[in-house]
Every structure is written in C-alpha cells, then in structure tokens.
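Each remark here refers to the structure printed beneath this line.
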Amino acid sequence: MHAYQSYTDQTLLTLLKQGDKEAYTVIYDRYKNLLYDHAYKKLGDAEEVKDVLQELFTHLWNKRTEINVATNLSGYLYTGIRNRILNLLSHKEVEHRYIASIQQYIQEGDYTTELAIREKEFSALIQKEIDALPPKMREVFLLSRKEHLSHQQIAEQLSISEQTVAKQVTNALRILRVRLGSFIFLLFILR
C-alpha cells in the first residue's frame, strides 16, 4: 500500500476503474479530510458531513467503471461533494417549507374548525330560544332581525301599530338576553 500513496490521482483512478480496493482506500485517505473540511464549512453539522462523504465515496466505488474524469480527480470529488451539499440544503429547505405549511394548516384548520363548530352551536342555541318565543313576538322579531325590515314596514305587513312592533322587539330582546346570557346575546346582536 505504501507504493500506492506515491501514485498520481490519474494512476489511482485507472486502478480504481479496474476494481482495485487499495487504490480506492488511498483516494479516500487522500481526500476525506479536505472534503470533510469543505463540507463542514457549508453544513456545520458533523453527522450530515459524514453522510454526504459516505454517499460520495460509495458512489465513487459503485460507479468506478463508468467514471470519466478527463481533467483531475480532486475536481471531480469537489464537484461531487458540492452537488450533494446543494441537494441536501435544497431538500432541507423543501422539508422546512412543507413542515411550516402543515403547521399553518393545522393551526388555521383547528381554529377555523373550532370556530365553525362553536358558531353552529351558538346559532342552534339562539334559534332554539327564538323558536320558544310566543308566535306573534317571534314573527315580529324575525322580520326585524332576519329580514331587516323597519318597524314601519313590519307594522304595515302585519297590520299592527309601530308601537306594538317596537314593544314586541324590545320584549323579544329582553327575553333572549335573559335566556342566552349577556355574552351570547351580544354575539347574536353583533352578527
């Protein structure tokens, strides 16, 4: 193996293409520290750097017969490590965006779902209390709040006085306030 250490990169590459494991070991020993330092500057994580190096050298061995290095082995290895670093960083960026997207969906989805459920519950409770009003009071109240008719329009439609309409609406609001509680009542009024 001592003789291999004096071989040029081109000679080692030729031997590597023939399946020479000693040539592979010398290439690994010659470049692993330089590539490690280069990758560590970019990634800052020793475990990720080890993974990237292992991937590069595994690829070098597995594709040894297909490798076509016309200029120099060091350039080939640096390009290989750079590409793997860029792929890793790109993958991490996509992963971060995906996770952020899922978190946002979960947060907004839960909030929206919870809000929709509560709104349905409140609406059902309000409707139940409106349905419990006396029939004439309920009719006046619904025309006022749901149909948005003025007291005058309601009075004309039902052939009653505006004063009766006002009294019915006031009484309905008072009953609903008592039955629903102030908070829910305010939500209903503000809708």
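The values are calculated or read from the model by the stated rules, or taken from the named source; none is laboratory data. Worth saying up front: this structure is predicted, and the values here are computed from it rather than measured. Glycine also receives a Cβ, built like all others from the backbone with ideal geometry; neighbour counts cover every protein chain displayed. Each accessible area value is taken on the protein alone, full model and side chains, heavy atoms only, with ligands, DNA and RNA left out. Shrake-Rupley method; radii C 1.70, N 1.55, O 1.52, S 1.80 Å.
Couple of notes before you dig in:
- Looking only at segment 135-170, and only at residues there that are within 52 Å of the chain's Cα centre (by Cα) and acidic (Asp, Glu), the one that is modelled with the highest pLDDT: 139
- Residues of segment 20-38 satisfying the condition of being farther than 17 Å from residue 76 by Cβ, open to solvent by less than 60 Å² (accessible area, probe 1.4 Å) and either in contact with a Pro (Cβ under 9 Å, 6 or more places away or on another chain) or at pLDDT 90 or above (or both): 25
- Counted residues, segment 29-73 - those being in contact (Cβ under 8 Å) with a residue 60 or more places away in the chain and of a type in the set (A, V, I, L, M): 1
- Extreme residue, most open to solvent (accessible area, probe 1.4 Å), among residues of segment 53-105 that are closer than 30 Å to residue 8 by Cβ and of a type in the set (Gly, Ala, Ser): 70
- Residues that are out of contact with any Ser or Thr (no Cβ under 8 Å at 6 or more places or on another chain) and surrounded by fewer than 16 Cβ atoms within 10 Å (Cβ to Cβ) within segment 1-18 comprise 2, 3, 5, 6, 8, 10, 11, 14, 18, listed in sequence order.
- Hey, residue 77 over 20 Å from residue 42 (Cβ atoms), among the aliphatic types (A, V, I, L, M) and either in contact with a helix residue (DSSP H, G or I) (Cβ under 8 Å, 6 or more places away or on another chain) or free of Cβ contacts under 8 Å to residues at least 12 places away in the same chain (or both) or not: no
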